[in-house]
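Please read the structure below before turning to the comments.
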Amino acid sequence: MPTINRRSLLGAAALLSVAGPASAAFPEQPVRVIVPWNPGGLADILMRALAPAMAQSLGQPVVIENRAGANGAVGTQFVARAPADGYTLIVGNAETHAINPLIYPKLAYNPVTEFTPVTTLASGPFALITRPGLGVETLDAFLALVRRQPGKITFASWGIGSTSHLAMEGLIKQAKVEMLHVPFTGAAPASTALIGGQVDCMFLNAGPAEAAARDGRPKIIGIGAMERVPQLPDTPTLKELGLPVEAANWFGLLGPAGLAPAVASRLAGAVAEGLKSAQVQEIFRAQVALPMMQTPAGMQQFLATDRERWGAVVRDLNIRLE
């Protein structure tokens, strides 16, 4: 995942403040943001934190609606078919706009031609976390356990072909081990199953993983980032431990194709203002989510790079779903 320049937040906000006369009347009604996953996942948490601050900037409510299914494809397709007026947006990420087109030959939307990039919101690393009672606390001990029981240790994900799934497949390949995949319909049910001991491990967003591990029962083995994260200063990265698995995701807003540039800039400006909120920043910190602000044009280039990155991963794993 490209490195985040924290200084871009202020620079992008300054650029986006000049939206042009076409956006002067926008918005005149509430803005609906579709989160294409179940409530309680990181995308849902971040967007619900940001929505009130965006509403203050826009002068209209920002309403969150969850439409889960097919690794985010259900809600994403819904927005692709919505009017391009700025009143229906999608929270997209690597799954919806880079991975899904690679693994679903019959995907009902085109991530390039049917959407207008607005702005990225945040990026966040994943943590490798194990269930209570698994009895391992280090990567070496975890891999030794997996090798003793090939194909029997289970790992959860929030869907086949999701970033959590592909990250674990990357670990499996590099470590030369066998594990059993148990996909769920979202991060929240997957992590609930892990905490409840129904599955053995998973790659989970670092913020929810840190919260789950506070009672000492689930164990965080390592972080799938290139550098340690401030909220978990004593937790090594997998790279430090000799297994350079990069496990992370990003989140951003997109509208249907044909969204007026001035409207996209107006919305991006509201996100930039919202990210300045102390309350929003505190929630992002708690979730180990790094603000990641870009102009619509900057997001378009980012998406192209991300598609190339995940394309190489999916081709290597040869994942195709009907």
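The values are calculated or read from the model by the stated rules, or taken from the named source; none is laboratory data. Nothing here was measured: the structure is a model prediction, and the numbers come from that model. In this analysis, Cβ positions are derived from the backbone assuming ideal geometry, glycine residues included, and neighbour counts consider all displayed protein chains. Just the protein is used for accessible areas: all its heavy atoms, side chains included, with ligands, DNA and RNA removed. Shrake-Rupley method; radii C 1.70, N 1.55, O 1.52, S 1.80 Å.
Quick notes on this structure:
- Single residue of region 169-188 satisfying the filter (in contact (Cβ under 8 Å) with a residue 60 or more places away in the chain and under 16 Å from the mean Cα position of the chain (by Cα)) that is least open to solvent (accessible area, probe 1.4 Å): 186
- Checking each residue in region 158-172 for being of a type in the set (A, V, I, L, M) and not in a loop (DSSP other than H, G, I, E, B) picks out 166, 167, 168, 171, 172.
- Exactly one residue out of 299, 226 is out of contact with any Phe, Trp or Tyr (no Cβ under 6 Å at 6 or more places or on another chain) and part of a helix (DSSP H, G or I): that is 299.
- Among (1) in contact (Cβ under 8 Å) with a residue 12 or more places away in the chain; (2) of a type in the set (Gly, Ala, Ser); (3) out of contact with any Asp or Glu (no Cβ under 8 Å at 6 or more places or on another chain) - the single one residue 257 does not satisfy: (3)
- Of the residues making up region 74-104, those that are of a type in the set (A, V, I, L, M, F, W, C), part of a helix (DSSP H, G or I) and open to solvent by 10 Å² or more (accessible area, probe 1.4 Å) number 4.
- Qualifying residue in region 239-261 (condition: open to solvent by 60 Å² or more (accessible area, probe 1.4 Å), modelled with pLDDT of 95 or more and not in a loop (DSSP other than H, G, I, E, B)): yes
- When the residues of region 111-127 are filtered to those that are open to solvent by 40 Å² or more (accessible area, probe 1.4 Å) and modelled with pLDDT of 95 or more, the one that is farthest from residue 78 (Cα to Cα) is 113.
- The set of residues from region 176-197 being part of a helix (DSSP H, G or I), β-branched (Val, Ile, Thr) and either in contact with a helix residue (DSSP H, G or I) (Cβ under 9 Å, 6 or more places away or on another chain) or closer than 12 Å to residue 160 by Cα (or both) comprises just one member, 195.
- Qualifying residue in region 128-137 (condition: hydrophobic (A, V, I, L, M, F, W, C), within 17 Å of residue 207 (Cβ to Cβ), touching a strand residue (DSSP E or B) at 6+ places or on another chain (Cβ under 7 Å) and open to solvent by less than 30 Å² (accessible area, probe 1.4 Å)): yes
- Residue list for region 183-240, restricted to those being within 17 Å of residue 38 (Cα to Cα), in contact with a strand residue (DSSP E or B) (Cβ under 9 Å, 6 or more places away or on another chain) and of a type in the set (A, V, I, L, M, F, W, C): 184, 187, 190, 193, 194, 204
- Any hit, region 201-221, residues being in a loop (DSSP other than H, G, I, E, B), open to solvent by 10 Å² or more (accessible area, probe 1.4 Å) and in contact (Cβ under 8 Å) with a residue 60 or more places away in the chain: yes
- Count of region 303-322 residues, restricted to those that are over 18 Å from residue 113 (Cα atoms) and not basic (Lys, Arg), is 10.
- Count of region 10-26 residues which are modelled with pLDDT of 50 or more and either within 20 Å of residue 290 (Cβ to Cβ) or not in a loop (DSSP other than H, G, I, E, B) (or both): 2
- Taken across region 268-276, residues that are surrounded by fewer than 23 Cβ atoms within 10 Å (Cβ to Cβ), in contact (Cβ under 8 Å) with a residue 24 or more places away in the chain and assigned to a helix (DSSP H, G or I) do occur, with at least one present.
- Residue match in region 139-149 (condition: at pLDDT below 95 and open to solvent by 10 Å² or more (accessible area, probe 1.4 Å)): no
- Within region 44-93, tally of residues that are among the charged types (D, E, K, R) and within 16 Å of residue 121 (Cβ to Cβ): 2
- On inspection, residue 319 passes the criterion of being surrounded by 15 or more Cβ atoms within 10 Å (Cβ to Cβ) and either modelled with pLDDT under 90 or polar (S, T, N, Q) (or both).
- Region 150-166, residues that are surrounded by fewer than 24 Cβ atoms within 10 Å (Cβ to Cβ), modelled with pLDDT of 95 or more and aliphatic (A, V, I, L, M): 153
- Count - residues of region 27-73 that are in a helix (DSSP H, G or I) and of a type in the set (D, E, K, R): 2
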